[in-house]
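The structure under discussion appears below in the form of C-alpha cells.
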Amino acid sequence: MGDRTFFVYIMASRSGVLYTGITNSIARRTAQHKARQADSFTSLHRCTRLVWYELWPTPVLAIEREKQVKRWRRPKKIALIRERNPCWADLSQKWGTVIQPYSAANQ
C-alpha cells in the first residue's frame, strides 16, 4: 500500500456517546460524520466531534488497533482521550493548521 496512512479514531457526541472507527482519510470521514452521512449509529447519536485519533502505516495494523480499542470498556477509552485531549476539543476544528499528529510509532 506504499505511503498511505490509516487512522483509528474516536468520535463523540455532546452527551458523551463514543464511536470508534477506521479510515484512510480522516478529513473526509470526519466531514461525513459531521454531515450525518456516516453509518446510522453515529447519525442517531450525533457523534460529530473528533476527540482522538492515531496514525498507522498499514491497514492491518490499523484494524488490529481499532478492534483493540473497541473491546475496551468506556473508562479506558475516556482515559485514552483525556491523555491526548483533556478538554475533549474537536480536533477537526484545527484542520489546516500545523498540529503534531499522534503516531503509534512514537510510543
Residue list for the stretch 18-71, filter: more than 23 Å from ARG4 (Cβ to Cβ), at pLDDT 95 or above and β-branched (Val, Ile, Thr) = VAL51
Members of the stretch 1-17 found to be within 14 Å of the chain's Cα centre (by Cα) and either crowded, with 20+ Cβ neighbours inside 10 Å or within 15 Å of TRP56 (Cα to Cα) (or both), listed by number = THR5, PHE6, PHE7, VAL8, TYR9, ILE10, MET11, ALA12
Given the conditions (1) surrounded by 11 or more Cβ atoms within 10 Å (Cβ to Cβ); (2) modelled with pLDDT of 95 or more; (3) not small (Gly, Ala, Ser), which single one is not true for ARG84?
-> (2)
Residue check, SER15 modelled with pLDDT under 95, hydroxyl-bearing (Ser, Thr, Tyr) and part of a loop (DSSP other than H, G, I, E, B) = yes
Collect the residues in the stretch 10-51 that are closer than 21 Å to ARG65 by Cα and among the polar types (S, T, N, Q), keeping them in residue-number order.
-> THR20, THR23, ASN24, SER25, THR30, THR42
Is it the case that ARG46 is at positive phi and surrounded by 13 or more Cβ atoms within 10 Å (Cβ to Cβ)?
-> yes
Could you please find all residues in the stretch 26-43 being buried (at least 16 other Cβ atoms within 10 Å of the Cβ), touching a Ser or Thr at 6+ places or on another chain (Cβ under 6 Å) and either among the small types (Gly, Ala, Ser) or without any contact (Cβ under 8 Å) to a residue 24 or more places away in the chain (or both)?
-> ARG29, HIS33
Of all residues making up the stretch 65-89, the number that are touching a residue at least 24 places away in the same chain (Cβ under 8 Å) and acidic (Asp, Glu) | 1
Given (1) assigned to a helix (DSSP H, G or I); (2) modelled with pLDDT under 65; (3) surrounded by 12 or more Cβ atoms within 10 Å (Cβ to Cβ); (4) of a type outside the set (D, E, K, R), where does PRO101 come up short, assuming only one miss?
-> (1)
What do you reckon, is ALA62 out of contact with any strand residue (DSSP E or B) (no Cβ under 8 Å at 6 or more places or on another chain), of a type in the set (Gly, Ala, Ser), in contact (Cβ under 8 Å) with a residue 12 or more places away in the chain and surrounded by 12 or more Cβ atoms within 10 Å (Cβ to Cβ)?
-> no
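The values are calculated or read from the model by the stated rules, or taken from the named source; none is laboratory data. Note that the structure is predicted; figures quoted are calculated from it, not measured. Positions of Cβ are backbone-derived with ideal geometry, glycine not excepted, and every protein chain shown enters the neighbour counts.
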